[in-house]
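Novice: Have a look at this one.
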Amino acid sequence: MKLSDIADNAGSRKKRMRVGRGIGSGKGKTSGRGGKGQTARSGVRIKGFEGGQMPLHRRLPKRGFRNTSFAVKLNETNLGKVQAAIDAGLIDVKSPVDSAAMIKAGLMRRAKGGVKLLGGGELKSKVNFAVYGASKSAIEAVEKAGGSVKILAPKKEVDEEPRGKNKRMALEAAKPKKAKPEAKAEEAKAE
C-alpha cells in the first residue's frame, strides 16, 4: 500500500456549491436567490412579518414560569480535577475543601452560587468536602476513599398541605359524594 492509494470514504467530503458561475452550472445569474425585492437581499425579516398586522407570536398570551432569573448558578468540578490539584500540592487535604480552597487552587475563577461536586475521575486521597451539592456517585467515591461530604445547600421544605391545583383536587376528593335522586328512591324501596 502506498500513500497515493489512500482515499477518503465516498461522500465524506462534499464540494461547496459555487454560485454565480454561468448558466450551465444551474446556479448562475441570481445564484438561487430568485428575482428582485426583499428576498434578494441580506437581512430579510419575512417570517415574523404579517403586513403590519400584529404578529401571531405577539397576539398570543404569555403563559408559564421560567426559573432562569432565580436559578442558583453553580460551578461544577469533577473528583479527578480535585485529585490532580492535591497531587500538585495546590490543595491541603488536612483542612476541609470548600469553594475558596478550589478557587485558590485554580479549579475555578469565582465562587458563583457554590460548587457542585461530580463523580468524574478517581479520588485516592481522604478529603473532607464542604460544598453546595454533590452527585450520588461523587459522595460514594469520597466516602470510599475515607472522606466526607458536607452539603451546604438548604434543604427543600416539603409542604404538609397541597397547594394550588393539587389543593383543589384534594378538597374535591375529600367531599362526600351526593347520591343521585334515582339511587335514593331505590334505597327507600329496599327498606
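Novice: Going 7 Å from the Cα of D92 in the Cα-to-Cβ direction, what parts of the range 128-149 have a backbone nitrogen less than 20 Å from that spot?
Specialist: 128-131, 147-149
Novice: Please give the per residue accessible area of the chain, computed with a probe of 1.4 Å over protein heavy atoms only, in Å². Write down the numbers at each step before the final one.
Specialist: Numbers: 16780 Å² over 191 residues.
Normalised by residue count, the accessible surface of the chain is 88 Å².
Novice: Let me ask something else about it. How far apart, in nm, are the 7 Å Cα→Cβ label points at Q38 and A111?
Specialist: Distance between the two pseudo-spin positions: 5.2 nm.
Novice: While we're here: What does the charge dipole of the range 1-52 about its Cα centre add up to, to the nearest 20 debye, if the Cβ of each Lys and Arg holds +1 and the Cβ of each Asp and Glu holds -1? Don't jump to the answer; show the numbers that get you there.
Specialist: Values: 14 positive and 3 negative charges, 48 e Å.
Using only the charged Cβ atoms, the result is roughly 240 debye.
Novice: Add +1 for every Lys or Arg and -1 for every Asp or Glu among the other residues with Cβ under 12 Å from the Cβ of S135, and state the total. Show your work: numbers first, answer last.
Specialist: Details: positive: K116, K136; negative: E76, E140.
Taking every other residue near S135 into account, the sum is 0.
Novice: Through the Karplus equation 6.51 cos²θ - 1.76 cosθ + 1.60, θ set to phi - 60°, convert the phi angles of the range 8-15 into ³J(HN,Hα) values in whole Hz; use x for Gly and Pro.
Specialist: Per-residue couplings from phi come out as 5, 5, 4, x, 6, 10, 10, 6 Hz.
Novice: Just the Cα atoms of the chain: what Rg and Dmax do they give in Å?
Specialist: 33.1, 103
Novice: Can you find, among M169, G20, F65, the residue farthest towards the positive end of the dipole of the chain? Put +1 on the C-beta of Lys and Arg, -1 on that of Asp and Glu.
Specialist: Of the candidates, G20 comes out farthest on the positive side.
Novice: Also, quick follow-up: Per the 1.4 Å probe, what fraction of the accessible area of the range 1-148, in percent, lies on carbon and sulfur atoms?
Specialist: Values: 6110 of 11910 Å².
Here carbon and sulfur together make up 51 percent of the probe-accessible area.
Novice: Report for the chain the percent antiparallel among DSSP-assigned beta bridges with both residues inside it, nearest 5. Walk me through the numbers before you get to the answer.
Specialist: On the way: 1 of 12 bridges.
Close to 10 percent.
Novice: Now a separate question. Once Lys and Arg get +1 and Asp and Glu get -1 on their Cβ, which of Q53, G35, I151 lies farthest toward the positive end of the dipole of the chain?
Specialist: About the Cα centre, the residue reaching furthest to the positive side is G35.
Novice: Turning to a different aspect of this structure: Restricting everything to alpha-carbon atoms, can you work out Rg to Rh for the range 16-58 with a Kirkwood hydrodynamic radius?
Specialist: Working: Rg = 15.2 Å, Rh = 12.7 Å.
Radius of gyration over Kirkwood radius for the range 16-58 works out to 1.20.
Novice: Can you sort M108, M54, M1, M169 by solvent-accessible area, 1.4 Å probe, largest first?
Specialist: M1, M169, M54, M108
Novice: What dipole magnitude, in Debye to the nearest 20, does the chain give about its Cα centre under +1 on Lys/Arg Cβ and -1 on Asp/Glu Cβ?
Specialist: Using Cβ point charges on Lys, Arg, Asp and Glu, the chain gives about 1860 debye.
Novice: Pop out the Kirkwood hydrodynamic radius of the range 1-83 from its pairwise C-alpha distances, inverse of mean 1/r, in Å to one decimal.
Specialist: Details: mean 1/r = 0.0483 Å⁻¹.
When all Cα pairs of the range 1-83 are included, the Kirkwood radius is 20.7 Å.
Novice: Shifting gears a bit: Peptides 58-67, 118-127: what's the order by average Cβ count within 10 Å, highest mean first? Show your work: numbers first, answer last.
Specialist: Details: 58-67: 6.3, 118-127: 16.0.
Sorting 58-67, 118-127 by mean packing, highest first, produces 118-127, 58-67.
The values are calculated or read from the model by the stated rules, or taken from the named source; none is laboratory data. Note that the structure is a prediction, hence the values are computed from the model and not measured. When we count neighbours, we look across all protein chains shown, and the Cβ atoms used for this are built from the backbone with ideal geometry, even at glycine. Just the protein is used for accessible areas: all its heavy atoms, side chains included, with ligands, DNA and RNA removed. Shrake-Rupley method; radii C 1.70, N 1.55, O 1.52, S 1.80 Å.
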